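Participant: Here it is, the structure in full.
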Amino acid sequence: MKNRDYQEKYKKSYNDKNKIVTFPLSVAFFDELRKRAMYLDLKTNSYAKSIITAFLNNSTPKILSYEQKEFINDYIHISRGIANNINQIAHKTNMNEQIDINILINSLRKYEEEFKNFISKT
C-alpha cells in the first residue's frame, strides 16, 4: 500500500510541475527533426524538447554529437585506466608489497601512448 501511495503522490507532483505538449508537424519537418536527432544519437522527442527549452531560455541547445560523446568516452576510459593503476600501486605500497618497477614503467608507457593517440585525434 505504501508503494501505491508513493506512486500516486509522485504522479500528482510530476503532473503539477510538468505539462505534455503535442502539436502536428508536417512530414517533411518531422523527417528533418528525426534525421537531426538520429545524428546526435537522441530520440526525436528529446531533441525537440532540447531545442524548444533552449529557445525559451535564449540559449543554444546543449547537445553533444555522437563524435563528441565518443571522444569523452575515450578520454574517460584512458583516465580510468590510469586511476586504476595508481590505486593498485597505492594499495600494494600500503600493504608493504614490492612493486615491480618494470611493470610500472611499461604500464605508464602504455597509457602515455594511448594519450598520445587520443590527443592526435583532436
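Participant: Under 27 Å Cα to Cα from LYS62, which lysines show up? Leave out anything in the same chain fewer than 8 places away.
Facilitator: Correct list for LYS62: LYS17, LYS19, LYS35, LYS43, LYS49, LYS121.
Participant: Return an integer: the convex hull volume of the alpha-carbon atoms of region 54-122, in Å³ per residue.
Facilitator: Normalising the Cα hull of region 54-122 by residue number yields 98 Å³.
Participant: Taking θ as phi - 60°, what are the ³J(HN,Hα) couplings along region 50-66 by the Karplus curve (6.51, -1.76, 1.60), each to the nearest whole Hz, with x for Gly and Pro?
Facilitator: With coefficients 6.51, -1.76 and 1.60, one gets 5, 5, 5, 4, 4, 4, 5, 8, 6, 9, 9, x, 9, 10, 9, 6, 4 Hz.
Participant: If one takes the longest principal axis of the Cα atoms in the chain, at what angle in degrees, from 0 to 90 and to the nearest 10, does the Cα axis of helix 101-120 lie?
Facilitator: That works out to roughly 40 degrees.
Participant: For region 16-84, what log10 I(q)/I(0) values come out of the Debye formula at q = 0.11, 0.17 1/Å, with one point per alpha carbon and no solvent?
Facilitator: Here the Debye-derived log intensity ratios amount to -0.41, -0.76.
Participant: For LEU104 and ILE119, calculate 0.36 nm times their separation in residues minus their Cα-Cα distance, and state this gained length in nm to one decimal.
Facilitator: 3.2 nm
Participant: While we're on this one: I want to check the label-to-label distance for ILE86 and SER50. Put each point 7 Å from Cα in the C-beta direction and report it in nm to one decimal.
Facilitator: 3.0 nm
Participant: Separate question: At 7 Å along Cα-to-Cβ for each site, give me the label-to-label distance between ILE63 and GLU112 in nm.
Facilitator: So the two model labels end up 4.2 nm from each other.
Participant: Moving on to the next point. What list of ³J(HN,Hα) values in whole Hz, one per residue of region 38-48 in order, does the Karplus curve 6.51 cos²θ - 1.76 cosθ + 1.60 (θ = phi - 60°) give from phi, with Gly and Pro shown as x?
Facilitator: Calculated HN-Hα couplings, in order: 4, 4, 8, 6, 10, 7, 4, 5, 5, 5, 4 Hz.
Participant: Next question, about the same structure. For region 7-22, take each phi angle, set θ = phi - 60°, evaluate the Karplus expression 6.51 cos²θ - 1.76 cosθ + 1.60, and give the result in whole Hz per residue in order, putting x for glycine and proline.
Facilitator: 5, 5, 5, 4, 4, 5, 4, 4, 5, 6, 9, 10, 10, 8, 10, 10
Participant: Let me check against my output: what whole-number percent is the relative contact order of the chain, with C-alpha pairs under 8 Å and at least 6 apart?
Facilitator: In percent, rounded to a whole number, it is 14.
Participant: Among (i) 2, 11, 17, 21, 19, 14, 9, 5, 2, 1, 0; (ii) 2, 9, 12, 13, 10, 7, 6, 5, 5, 4, 5, 4, 4, 4, 3, 3, 2, 2, 1, 0, 0; (iii) 2, 8, 10, 11, 10, 9, 10, 9, 9, 8, 7, 5, 1, 0, which one is P(r) over Cα pairs in 5 Å bins from 0, in percent computed from these coordinates?
Facilitator: Answer label, from the structure shown: (iii).
Participant: Can you pull the accessible area of LYS92 for me, 1.4 Å probe, Å² to the nearest 10?
Facilitator: My reading of the accessible area for LYS92 is about 90 Å².
Participant: Please report, as a whole percent, how much of the solvent-accessible surface of the chain comes from carbon and sulfur atoms (probe radius 1.4 Å).
Facilitator: Carbon and sulfur together cover 57 percent of it.
The values are calculated or read from the model by the stated rules, or taken from the named source; none is laboratory data. Worth saying up front: this structure is predicted, and the values here are computed from it rather than measured. Cβ coordinates were reconstructed from backbone atoms using ideal geometry, including for glycine residues, and neighbour counts include every protein chain displayed. For the accessible areas, the whole protein counts, side chains as well, though only heavy atoms, and no ligand, DNA or RNA atoms are used. Shrake-Rupley method; radii C 1.70, N 1.55, O 1.52, S 1.80 Å.
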